[in-house]
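The values are calculated or read from the model by the stated rules, or taken from the named source; none is laboratory data. Everything quoted here is computed from the prediction, not taken from an experiment. Cβ placement follows ideal geometry from the backbone for every residue including glycine, while neighbour counts extend to all protein chains displayed. For the accessible areas, the whole protein counts, side chains as well, though only heavy atoms, and no ligand, DNA or RNA atoms are used. Shrake-Rupley method; radii C 1.70, N 1.55, O 1.52, S 1.80 Å.
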Amino acid sequence: MIKVTIDGREVELENPVTVLEAAKQAGVIIPTLCYFEGLTPFGGCRLCLVEVEKLPRLQTSCTIMTADGMVVRTETDQIKAARRSILEFLLINHPLDCPFCDKAGECDLQDLVALYGPEAGRFAEGKRRHPESFDDPIIVRNMERCVLCTRCVRMCDGPQGAYAISVTGRGSHSFVEPFSGGKYNCEYCGNCLTVCPVGAIMSRLHRHSYRPWFVEKEIETVCGFCGVGCSMVLQMRENSIIRAIPRAGVGFNKGLLCVRGRFGYENVESEEQLTTPLMKVDGDLKPVSWEEAITFITESLKEIKDAFGGKAIGAVASGRCTNEDNYMLQKFIRFVLGSNNIDSSARNYYAPAEAYLERIFGQGITANLISGIANSDGVFVVGGDPTAINPILGLQIRASCRGGGKIIALGAPGGLKRFVAYELMPTPYSEEIILSAIVGRLLKGKALSGENTTVEAKLRSLKIPSDEDLGMTGISSEDIVRASDDLAGMATPVVVIGPDIIQRERASKNLARIFLLSERPNYQGVMDMGCLPDFLPGGRPVELEMFRHQIEGALGLKAPQDKGLTLFEMINEAETGGLKALYVMGENPLFNIPDSAKVKKALGNLDLLVVQDVHLTETSGIADVVLPATAWPEKEGTFTNLERRVQRVRKARRGRMASYGRDDWKIIADIAERFGMTKQYLRVEDVWEEITHVSALHTGLGYEDIAEGKAVWPYCGKPLRGMEGDFSVEGLDGLPRIRGSKKPYLMIERSLYHSGTFSRRSKALLSIYPEPYLMINPLLSERLGLAEGEKARISNERGVLELKVKLNEDVSDSQVFLSNTFEGAGAMGLIGFGIDSVIGSLYIKDNTVRVEKVRV
Amino acid sequence: MDIFEEIRALSEKYPDRRGALLHALYVAQKDAGWLSQEALNTVSNALNLPQATVKGVATFYSMYKHRPMGRHLIQLCTNVACMIMGAESLVDFLKGKYGVEPGGTTGDGRFSLVIMECIGACDRAPAMLVDTDFHSDLTEDNIVEIIEEYK
Ligand code: SF4
Ligand code: SF4
Ligand code: SF4
Ligand code: FES
Ligand code: FES
């Protein structure tokens, strides 16, 4: 026990901490400038000076550790004089342009000078000049204001791990700069902006558009961009979002955000937001009233149901909508219209991968806490770059590395490049062979634990690839041995699985905590709400009578007993005429699932296509009825993130025209009422209340519990355990064939700066990544005679696209990468798909393209 | 051996890549006499260190140059001892003779002149370095003689 006296107050400490932290515990506030919680101490600004008895000079409290019996004083005349002089020195070069500075009002320097003086400086030499830099689209850099606290650099090199900026030069010629000296070309997380105590680096988005005291209200909500679900605060003035900022101490993202969360909010203020229902009249979408639109939908659905039965109707749920929205859609389709045909783009990989893992290991296998990754001693990353898909989760992997954890990547490491011990780069489509080989070797070295025999039996039926099988993968058996031994040596391993891995993912529960990367904020919720053709809310299989009856009993409504069609099966059925109507909520299938030509034909074949969305999209362009929905910061409800934490989403602004966009769940409830649904929902709480009665997972989980952050798996509900025996897992005994191709494979670039089609309306994100490009390896570009910036034509039987070339050494030379974001240039369109017979997921078949130079 | 390879090879001798950075920057500066963005980039790639970190270190030390330099670098000390012994008039003399300002380069690209702080040769002041060669006891006469050796 350490006893310290600070300003006469005694503190007892278990472990030695800095004097600054001890003072905080004692309730004594010591002024600081270069200190920032969570960053490595620097001791550079000297403002936190304190007197320590028996030590000759004043000490920096942010670096000096407490020792037993220490007596500290924090506000003596000597200290005050020192602080005053330090500030006077800082002001020598500070422009004091406060009236013009966006930071004024929340500037640490301003506050400190107000506290300690000096009222005037004594230096007459003139200030250093350094013109403000507007070279970057996002960050304005004003180095005249910089106090060289290095908080930004320590943030960028520390928690963010982007290493994008540095202090350059020396003495009074020191400035903080990105490598280029102008544009940042960094990860644009903006976390350096959070920590800058002055107005030296500021966001350009809201430059001179507010003063900090203009903020009228602050809404604590979660980010709507990806499955991490970071907590953030939307600062509002009237109905506009002034800024999106993280709040230290709130949420597991600990005061960090990524570029999408921090800067992507503008898209919700986009001019293109739908404001009125539209209906197709003579081939064109014309504005109509809500009443007209809803009557039309109701009548058409009734006709179709009467003529062909519920089975002819399907629905697409949305990973961008709340649990309440998805639940209501599911209820309507399944229990009102009598169809189990409900699915979502989670079908692309998230849903089948999770279902597969749960079949082997039981429900909840992927529900692990993101914050735990940093403490693990090893991470195996498969099939995607977490720092781009789920950035804040990616930061945890970087943190694990910094703490000595070993990071191994199967596939290109992307943003983990500086952090991986090594990566395995197999030839395309051979990842599964590599994984089987690794699991095979791990099992060989392990005795049966007897703990979970079903699981082990299943894993033991895996076909282990021979050396000959490995030969085609480009990975040697020594590499396999090394990777397996490294994995076996980890005490607290983590496995992170991304969308690019072939869906037959295998891993052992005894082996690791598993994380599934999720591109949308609420894929997990989509599934837990039963927006799956084979599962009811709470992840209860539709085909098991006991569960179905329970839920039917709770609702007083019936659901069909056979499982419905998956998203891809619905497309196939629409194409052949078996599916007549599709209700699409917050999704853009024409762009977001492969083979747009086929999807377009299929959707065109429907008798009724209803699209409910925030903006006009490719899909709503061909719909019969389009309904305007509210966007993420305009609604109340909940999201379930990839660690299966349920979090509250809060309404920050009303729609541009408050009476237009309506909440997704409300629109659907309105239509369901016309079909005779008697239950009335006044508020979104009523929907949640029903969910907690219907879904066994969510029993007893109130909004209050969620607000308090208690909604962490397994909540207070009942996950399905011991399900392993109920399902057989097929396909473990074969290995995929590697399809060699001379032509390169077209892969989807999952960019940090974009998030599907949602972000293409964000001015800020567009200013970083404004137009589509084709990313290729320099070796391949040389073979094709293409240089950076030149135009390439890519083509296959599904279509042709022309794009600028961007070189990247870190991608394989047998693949080319294109995002699926920009209108008219989505990668999905050229990718052919098949449906995996075992787990019903999409698998990519034939995504080779011809790449040639466009001659001008 | 190109610069990249050379840096790779030298980094083997250091316990970690960061430790090799100053040495690597010298190597990168050797040919052109200064460090362009591309040269910094090569160092960053060869050592697998972040570009910004490399730049931060390279700009901290005055022996690394960030503008094109003449073929030869004259580093003349004007610190106290040298100043007393007439270094400042040598600066004026070089300016008159070769048209080169401190920090500047002659029109023909032959010399760059840099003013140095004490180089530890106060007993033989004024002193200078031309490239890596040391010269002392300078006067207006012998400085021309010395400099004319460098073409
Ligand atoms: S925005 Fe993020 S990545 Fe860019 S310099 Fe700031 S902290 Fe570094
Ligand atoms: S830019 Fe801001 S955070 Fe960075 S060193 Fe300067 S004052 Fe500190
Ligand atoms: S990591 Fe995901 S949830 Fe967090 S700020 Fe970024 S996009 Fe939003
Ligand atoms: S806060 Fe302690 S030295 Fe800056
Ligand atoms: S002052 Fe010139 S060498 Fe010492």
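The dipole here belongs to segment A:1-123: it is taken about the Cα centre, uses +1 on the Cβ of Lys and Arg and -1 on the Cβ of Asp and Glu, and is about 400 debye.
Can you compute the label reach from B:Lys97? Point 7 Å from Cα along the Cβ direction, backbone N cut-off under 11 Å, restricted to segment B:129-151. Under cut-off, by backbone N: B:138-149.
Modelled spin labels at B:Leu10 and A:Lys845, positioned 7 Å past Cα toward Cβ, are 5.7 nm from each other.
Neighbouring Cβ atoms from other chains, within 10 Å of the Cβ of residues in B:46-56, number 6 on average. Chain B and chain A together bury an accessible surface of about 1200 square angstrom, both sides counted, with a 1.4 Å probe and no ligands or nucleic acids included.
With the contact rule set at Cα under 8 Å and sequence spacing of 6 or more, what percent relative contact order holds for chain B? Can you show the working numbers first?
Details: 216 pairs, mean separation 28.6, N = 151.
Rounded, it is 19 percent for chain B.
Per the 1.4 Å probe, what fraction of the accessible area of the protein assembly as shown, in percent, lies on carbon and sulfur atoms?
Details: 20850 of 40850 Å².
Solvent-exposed carbon and sulfur of the protein assembly as shown make up 51 percent of the total.
Taking every alpha-carbon pair under 8 Å whose residues sit at least 6 apart, segment A:745-853 reaches a relative contact order of 35 percent. For A:Glu782 and B:Tyr150, what does the FRET efficiency come to when R0 = 60 Å and r is the distance between their Cβ atoms, rounded to the nearest 0.05? FRET efficiency, A:Glu782 to B:Tyr150: 0.90. Overall, chain A carries a charge dipole of about 1360 debye about its Cα centre when +1 sits on the Cβ of Lys and Arg and -1 on the Cβ of Asp and Glu, all other atoms neutral.
Of the DSSP beta bridges with both residues in chain A, give the percent that are antiparallel, rounding to the nearest 5.
Numbers: 58 of 103 bridges.
Just about 55 percent of them are antiparallel.
Annotation for A:Ile464 and A:Arg207: the two label points, set 7 Å from Cα along the Cα-Cβ direction, are 6.2 nm apart. Ranked by the mean number of other Cβ atoms within 10 Å per residue, highest first, peptides A:526-535, B:81-90 order as A:526-535, B:81-90.
Shielding of peptide A:153-160 by partners, expressed as the average count of other chain Cβ atoms within 10 Å per residue Cβ, is 1. The protection proxy used here, the mean number of other Cβ atoms lying within 10 Å of each residue, ranks peptides A:212-218, A:472-478, A:187-193, A:514-520 as follows, highest first: A:514-520, A:187-193, A:472-478, A:212-218.
Remark: the A:Leu96-A:Tyr422 segment gains 112.4 nm on full extension, using 0.36 nm per residue and subtracting the alpha carbon distance.
Toward the positive end of the charge dipole of chain A, about the Cα centre and with charges on Cβ (Lys, Arg +1; Asp, Glu -1), which of A:Pro56, A:Leu369, A:Trp290 goes farthest? Farthest towards the positive pole: A:Pro56. Across chain A, Cα pairs under 8 Å and at least six residues apart give a relative contact order of 13 percent.
Projecting the Cα atoms of A:Cys152, A:Met747, A:Val626 onto the charge dipole of chain A (Cβ charges, centred on the Cα centre) puts A:Cys152 farthest toward the positive pole. Could you pull out the pairs from A:Lys183/A:Lys417; A:Lys563/A:Lys651; A:Lys183/A:Lys743 whose alpha carbons sit more than 24 Å apart here? Where the Cα-Cα span goes over 24 Å, the pairs concerned are A:Lys563/A:Lys651; A:Lys183/A:Lys743. Taking 4.7 Å between C-beta atoms as the pairing limit, chain B has these partnerless cysteines: B:Cys118, B:Cys122. Inter-chain Cβ neighbour count for A:166-175, averaged per residue, equals 4 (cutoff 10 Å, partner chain atoms only). Taking amide hydrogens as placed 1.01 Å from N in the peptide plane, the amide H of B:Met116 sits under 5 Å from those of B:Leu76, B:Cys77, B:Thr78, each at least 5 positions away in sequence or on another chain.
Ranking B:Ile119, B:Tyr61, B:Leu40 by Cα position along the charge dipole of chain B, where only Lys, Arg, Asp and Glu carry charges on their C-beta atoms, puts B:Leu40 farthest toward the positive end. In the full protein context, chain A carries 39 Å² of accessible surface per residue, based on a 1.4 Å probe and ignoring ligands, DNA and RNA.
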